[in-house]
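One structure is given below, encoded as C-alpha cells.
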Amino acid sequence: MVVSSAPGKVYLFGEHAVVYGEPAVPCAIELRARVAVEARDDDRIRVHAEDLSLNGFTVEYSDESDDAPDVDVSESLVRAGIEYIDAAVEQAREAAGRPDAGFDITIESEIPLGAGLGSSAAVTVAGIDAGTRELGVELPPEEIADRAYRAELEVQDGEASRADTFCSATGGAVRVEGDDCRAIDAPDLPFVIGFDGGAGDTGRLVAGVRALREEYDFAADTVAGIGDLVRSGEDALAAGDLDELGELMDFNHGLLEALGVSSRSLDAMVWAARDAGALGAKLTGAGGGGCIVALDPTDRTETALTFTPGCEDAFRAELDTDGVRVEDEEDVR
Ligand code: MEV
C-alpha cells in the first residue's frame, strides 16, 4: 500500500481569468488530502472516502455502466467526488502501462470539497502519485501535475487551467500563465481563511464567466483587467509589499464580483475582514460559496470572521512549501 498526500491552495490572485490565458498566483496551504492506494487482484476500484464534506461514503464499482454505486448520499455528490478519482486512476494506469490495474482507495481530506481550496486537485494529484507508486512507477511532480491537469480537464468538460493541479503537485507559491507554470518566491504571507460551510459548482461558474465574456466586451475587459492586476501583484510580491498586495486583493475581489462569481456570504466575510483591518480580502477559487482569503498579520480578522453571520469556520493558513509527497509506503508488490 502507498499513501500520498498533496496540499490545497488559495488564490492570491487570478482565478477565472487564468482559464483564458491570463497569469494567476495560487499558493499551497498546509491543509492536505491523503490518498491510500492498494493494488487488487482484479480490475475493480473500491473507494472509501471520509471527511470530504460528503458525509463519508463507500462505493464499489467497475467500469461497467450497469454497476451503479451503492451509497446513501446524493448521486450527484458521489459522482462529483468519484469522477476525479476515476480520472486519476485512468492516469495512473496509463502512466504505469497497466490499463487493467484494480485498486482499493481510501481518501481522507482536511480540505472542504468545492470550497475554493483546491480539494479536487489535491485528491487527483495525491491519487496519481499513490496509484503509480503502487504499480512501481515514480513520476516527477511536473508529470503528476500534467496528468492531474488532464484528469481535471476531462471531468470539467475541457474547462480548467493548470493552476490548481500544478500548485498542489509542487507546493509553495506559483505563477501560471497558460502552459507556463513556475515556482516563485513569496514573502511570509499571513493568510486568514473564512469558510461559509458551502460549495460552488466550478463547472457552472466557469461556464457563466465564459458566457458573460462572449456576450459583453466589458466582461472580456474585466478578465483582461484581472491579468493586469496579477502582473502588478507579482511586482508587489517580489518587493514584499504586503500593503499593496492587500489593496490588489481587494481590487481582484471587486472584479470577480463583477463577473458574477461572488455570493452574499463571501461578500459578508470579505467586508468583515476589511472592517477588522485586514490588508486585503477576496474570494478564492471558483466562488459561488466556500472560502475567502484575507491578509492579516494580527488576530483581528480571524476573530471578526468568527462572529460574522454566515461564516462557519475561520482559521489561519500557512504557506505549504511541500507539494505532493509520500506519507507511507509498504512494499506489498
Ligand atoms: C478553480 O479553483 C479555479 C478556476 O480558475 C478554474 C481553473 O483555473 O481551472 C475558477
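The values are calculated or read from the model by the stated rules, or taken from the named source; none is laboratory data. This is a predicted model, so every value here is computed, not measured. Don't worry about glycine lacking a Cβ; one is built from the backbone with ideal geometry, like all the others, and counts go over all protein chains shown. Heads up: the accessible areas ignore ligands, DNA and RNA and are worked out on the full protein's heavy atoms, side chains in. Shrake-Rupley method; radii C 1.70, N 1.55, O 1.52, S 1.80 Å.
Within the set of pairs 6 or more residues apart or between chains, which connect a residue that is assigned by TED's automatic domain parsing to the domain that holds GLY118 and more than 15 Å from VAL35 (Cβ to Cβ) inside region 133-147 to a residue that is aromatic (Phe, Trp, Tyr) and at pLDDT 95 or above with Cβ atoms less than 8 Å apart?
Filtered contacts from region 133-147: ALA145/PHE166.
Given (1) surrounded by fewer than 18 Cβ atoms within 10 Å (Cβ to Cβ); (2) more than 12 Å from the ligand (Cβ to nearest atom); (3) hydrophobic (A, V, I, L, M, F, W, C); (4) closer than 23 Å to VAL261 by Cα, identify the lone condition not met by ALA207.
Status for ALA207: all satisfied but (2).
Mind listing just one residue for me: the one in region 292-331 that is over 21 Å from TYR11 (Cα atoms) and part of a helix (DSSP H, G or I) and, of those, nearest to the chain's Cα centre (by Cα)?
By that ranking, first place goes to THR306.
Quick one: which helices (runs of 4 or more DSSP H) sit completely within region 53-169 and have at least 1 residues that are at pLDDT below 85 and either on the phi < 0 side of the Ramachandran plot or open to solvent by less than 10 Å² (accessible area, probe 1.4 Å) (or both)? So that I can check it myself, show each step before the final result.
Values: elements: 75-96, 119-134, 141-155.
In region 53-169, 75-96 are the helices (runs of 4 or more DSSP H) which contain 1 or more residues that are at pLDDT below 85 and either on the phi < 0 side of the Ramachandran plot or open to solvent by less than 10 Å² (accessible area, probe 1.4 Å) (or both).
Hey, ASP217 hits all of (1) surrounded by 19 or more Cβ atoms within 10 Å (Cβ to Cβ); (2) over 21 Å from the mean Cα position of the chain (by Cα) but one; which does it fall short on?
(1)
Scan region 245-260 and tell me whether some residue there is farther than 22 Å from ALA17 by Cα and open to solvent by less than 10 Å² (accessible area, probe 1.4 Å). Spell out how you get there, then give the answer.
Just the residues of region 245-260 that are farther than 22 Å from ALA17 by Cα, to begin with: none.
So far as region 245-260 goes, no, none of its residues is farther than 22 Å from ALA17 by Cα and open to solvent by less than 10 Å² (accessible area, probe 1.4 Å).
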